[in-house]
1. What list of ³J(HN,Hα) couplings, whole Hz, do you get for segment 53-61 from phi and the Karplus terms 6.51, -1.76, 1.60, once you set θ to phi - 60° and write x for glycine and proline?
2. Go through Lys87, Lys200 and list them by solvent-accessible area, largest first, probe radius 1.4 Å.
3. Near the amide H of Ser92, under 5 Å away, which other amide H atoms are found, from residues 5 or more places off or on another chain, if H is placed in the peptide plane?
4. Using a Gaussian network model of the chain whose springs link C-alpha atoms within less than 10 Å, name the residue from Asp141, Asp62, Asp110 with the highest mean-square fluctuation.
5. What's the center-to-center distance, using Cα atoms, between segment 168-184 and segment 10-63 in Å?
6. Per 0.36 nm of contour for each residue apart, how much would the distance between Ala68 and Lys193 grow if the chain were fully extended, relative to their Cα-Cα spacing?
7. Using just the helices of the chain, give the 222 nm mean residue ellipticity in deg cm²/dmol: DSSP H runs with n ≥ 4 each add -39,500 (n - 2.57), and the total is spread over all residues, rounded to 500.
8. Rounded to a whole number, what is D in µm²/s for segment 1-50 from Stokes-Einstein with the Kirkwood radius over alpha-carbon pairs (10 °C, 1.306 mPa s)?
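The values are calculated or read from the model by the stated rules, or taken from the named source; none is laboratory data. Being a predicted model, the structure only gives us computed values, none of them experimental. Here the Cβ positions follow ideal geometry from the backbone for every residue, glycine too, while neighbour counts run over all protein chains shown. Surface accessibility is based on the protein's heavy atoms, side chains included, excluding ligands, DNA and RNA. Shrake-Rupley method; radii C 1.70, N 1.55, O 1.52, S 1.80 Å.
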Amino acid sequence: MKVILALNQAAGDQAAFNVFQQVIDNGARVLGLATGSTPEGLYRLLRESSLDFSAMTSVNLDEYVGIAPDNPQSYHYFMNQHLFNAKPFAHSYLPNGLATDPDAEVKRYDQVVADNPVDLQLLGIGRDGHIGFNEPGSPFDGGTHRVKLTESTIEANARFFASKDEVPREAYTMGIGTILKSREILLMAYGDKKADAVQKMVEGPLTTAVAASALQKMDNVVVIVDPAAAAKLQPASISKRL
Ligand code: GLP
């Protein structure tokens, strides 16, 4: 894992954009995409760029259960607004939050990822160290599954809903094992609320209690942090400063 400390969020977004540009220039076919407020600046840079995704495929990490794709709180809707409407891909896949048969849906989505091996997977990180919606305790070799969200995640994501009661209690997510199959992984974390999770991911023990710690020993992982998210890291943990 290589940790890049950016001067601020704008510098971090630019560094993330450069990683995207490079892997696309090198012939990447499939991008693994993430939602949340962290990648919004990167998506703006991608929208405003001359990059063309029309021959590429995207696969997203996760989707809430029980929310339709045209619901503004769905991850489908988020991706349309932040990227796909401006920059369509040949194929874009997300889990189906309205699937009536959960077992069939997780099988379908694992097959989607198997058929479209991810060249570059973008990740954010939850305050409890989750990646995708892999909450504490998720096995490092797990595939796509349906998950009950923790109280911490429901609270953190309540800001996108009218009230906490409206936040779905469950989601479909790629598993940690699914994520680890990606050729390259780029994780972005900004702000002091992520400092604990970042410290545990980078310096803490490898433990399923912190899903992101699964990335620690991987040499194909780049982490971009701003000073607030890096506040609890040892200087020696930082590979590069921008
Ligand atoms: C959600 C998403 C994650 C995301 C996390 C952090 O739980 N499922 O993929 O990384 O939130 O979100 P934010 O970037 O808004 O802090």
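1. 9, 5, 10, 9, 10, 10, 10, 9, 5
2. Lys200, Lys87
3. Here Ser58 satisfy the definition.
4. Asp141
5. About 18 Å separates the Cα centre of segment 168-184 from the one of segment 10-63.
6. 42.0 nm
7. Per the formula, -8000 deg cm²/dmol.
8. The estimated diffusion coefficient comes to 135 µm²/s.
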